Amino acid sequence: MATKEEISMTGFAIVAYAGDAKTALLHALDSARAGDFDKAREFVKDSESSINDAHNEQTKLLSKEAGGEDLDVTFIMVHGQDTLMTTMMLKDEVTYFIDEYERLAKIEQKLGLKEHV
């Protein structure tokens, strides 16, 4: 049976990985805003690695619970789950905004408002 401490430690790990992903996604948005779309997509790819790491931590507990173990819910674990889910939503939004910034840059270039994309 997973102890409350183990569950909390998993929650901390999820928060850390999701936090790394969130940081990468905010850098991606900054890069896209500056017109560096390749760098922006690289940051998104980096975020996916951290999100996968967080998901793997989560899956360890899900597997235990699916196997019949009773697990105590800790506030830290709930915070980890919340952080992971909001970061996953942020990834979708940032990806959308990167595409939109790139689309706008191309339009501005065609209109002669920008030199190059």
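The values are calculated or read from the model by the stated rules, or taken from the named source; none is laboratory data. Since the model is a prediction, treat every value here as computed from it, not as a measurement. Methodologically, a virtual Cβ is constructed for each residue, glycine included, from the backbone with ideal geometry; neighbour enumeration extends over all protein chains shown. Side chains included, ligands, DNA and RNA excluded: accessible areas come from the protein's heavy atoms. Shrake-Rupley method; radii C 1.70, N 1.55, O 1.52, S 1.80 Å.
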- request: Output yes when any residue across region 101-116 is more than 20 Å from the chain's Cα centre (by Cα), of a type in the set (D, E, K, R) and open to solvent by less than 50 Å² (accessible area, probe 1.4 Å), and no when none is.
  value: yes
- request: Could you grab the pairs with beta carbons closer than 6 Å, sequence gap of 6+ or different chains, first residue in region 63-78 and touching a residue at least 60 places away in the same chain (Cβ under 8 Å), second one in a loop (DSSP other than H, G, I, E, B) and open to solvent by less than 70 Å² (accessible area, probe 1.4 Å)?
  value: Lys64/Ala2; Leu71/Ala2
- line: Picked from region 68-97 (must be open to solvent by 70 Å² or more (accessible area, probe 1.4 Å) and over 16 Å from the mean Cα position of the chain (by Cα)), the residue farthest from Leu26 (Cα to Cα) is Asp70
query: Of all residues in region 32-45 being within 16 Å of the chain's Cα centre (by Cα) and touching a residue at least 24 places away in the same chain (Cβ under 8 Å), which is nearest to Leu90 (Cα to Cα)?
result: Val44
